[in-house]
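Readers should treat all values here as calculations from the given coordinates under stated rules, not as data from a laboratory. Model, not experiment: these values are computed from the prediction. Note that we place each Cβ from the backbone using ideal geometry, even for glycine, and neighbour counts take in every protein chain shown.
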Amino acid sequence: MSDFTYSIVIPAYNEGKRLRVTLEKVLGYVRERGWNAEVIVVNDGSRDNTAELVREFAAKDSRLRLIENPGNRGKGYAVRNGMLNAQGEVIVFSDADLSSPIEEMPKLLAALAAGADIAIGSRWLRAELQTQRQSLHRQLFGRIFNLLLRLTLGLRFKDTQCGFKAFTRHAAQMILPLQRIERWGFDPEILFLARKFGLRVHEVPVRWGHVGGTRINPLVDGARMFQEMLRVRLNDIEGKYDGGSAVAAQAVKTLPGGPAPRV
């Protein structure tokens, strides 16, 4: 049995300006709900006071702990590092800006309780839940990226990039050791692996509001994410996802247009 019912993982890179408010909200919500939970902040080589701020909070609340990455490795690496070190039966990762409020977490938990292995927050299943929309050019970039994901990886979700996802411990331990993408394009890889191994993924509409200060450049990072998308396809063709997992013998090549994920 795990030590905690829930683990909440927050990847952080130079988040000192907004992490104080985030930790106050998350830890306060955990206390309010009376959850047996831990909160993990993964510091991805920050050059500001991110680590010091987490240590300050952790000294006052034993439910919080800090994990340090070996330098700046990327959000995908930070999420994987945090989730594989988490002790909860359910593991949730949330962006540090809380663009999806922590109060939306019960929606993800309900999807897991209903039989999902992974629950992913979605900004586009019910767009009216968005409290602050992205700019039109960022929305266009997102729609184009989603179309490419459908064509290249066969992922049929409305939204793969929302930074608010929940995993059963079994699902996390099954697919995260196989994850190879360490930066922004890790979400499609995780969902591709979930589909490959027959895990049940539910897409859940959540409240979401765009928060300024994002570090994604639609052109530069968009091109990089497309390259990573192609890398996922190549990794699968080369059999790089077939080893290193207890379920490797059950893995199949998943081609675009193949069987849809179970929902």
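Diffusion coefficient (Stokes-Einstein, Kirkwood radius over C-alpha pairs, 20 °C, 1.002 mPa s) for segment 1-62: 176 µm²/s, rounded to a whole number. Taking 0.36 nm per residue of sequence separation and removing the Cα-Cα distance, the L147/R231 pair yields an extension gain of 28.5 nm.
What shape does segment 46-125 take by its C-alpha gyration tensor, where a ≥ b ≥ c are the square roots of the eigenvalues and a/c under 1.5 counts as rounded, a/b above b/c as prolate, and the rest as oblate? Judged from the Cα gyration tensor, segment 46-125 comes out prolate (a/c at least 1.5, a/b above b/c).
Among the trypsin sites (Lys or Arg not before Pro) within segment 57-120, those in coil by DSSP and having at most 12 neighbouring Cβ atoms inside 10 Å are K60. Here is the result for segment 1-65: no chymotrypsin sites (Phe, Trp or Tyr not before Pro) lie in DSSP coil with at most 12 other C-beta atoms within 10 angstrom of their C-beta. Using a cut-off of 19 Å between Cα atoms, the listed pairs K60/K165; K25/K60; K107/K158 include K60/K165 as exceeding that distance.
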